[in-house]
Amino acid sequence: MNKNNNEKVSRQGATAFAQTYFHGTKADLKIGDLIEAGFNSNYGQRKNAKYIFLSATLDAAIWGAELALGNVPERIYLVEPLGQIEDDPDLTDKKFPGNPTKSYRSTEPFRVVGEVTVWQGHPAEQIKTMKEHLEKLKEQGINSLND
């Protein structure tokens, strides 16, 4: 949109075409909370995680919540990255062509902007199989590329 003097006017705001990002976890967070690197990871016993993760697909976020450590309810949050994000190498060209799960990582915080309260988890047998597969990789010394 242009004013009469040809000065451009920018009207940023919510749009139906804005990218939505999800973060699956077992952490109990509130709207406005920041998810930051440097704390314990959702996975394994890694302290001071170098990266935090988000996905543009609900399915990948559900996996994140289901595989997170802890015996508390799984949560899926809508998040806004506050800095640069990059493809998660564990779920891109190293294991799958491209980035089919639309999974990303960052060293910069995400702000919680909402929560998905109605979602369908994976079948228990599928989760068990995934956890067994991840344990076998660990036993073989195959670690995350995100360490």
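Structural remarks
- Cα gyration tensor shape for the stretch 21-139, rounded if a/c is under 1.5, else prolate or oblate: rounded
- Residues L69 and T117, FRET efficiency given R0 of 35 Å [Cβ-Cβ distance, rounded to 0.05]: 0.95
No lab work stands behind these numbers, since they all come straight from the coordinates. Predicted, not measured: the structure shown is a model, and the values here were computed from it. Ideal geometry is used to build each Cβ from the backbone, glycine not excepted, and the neighbour counts take in all protein chains shown.
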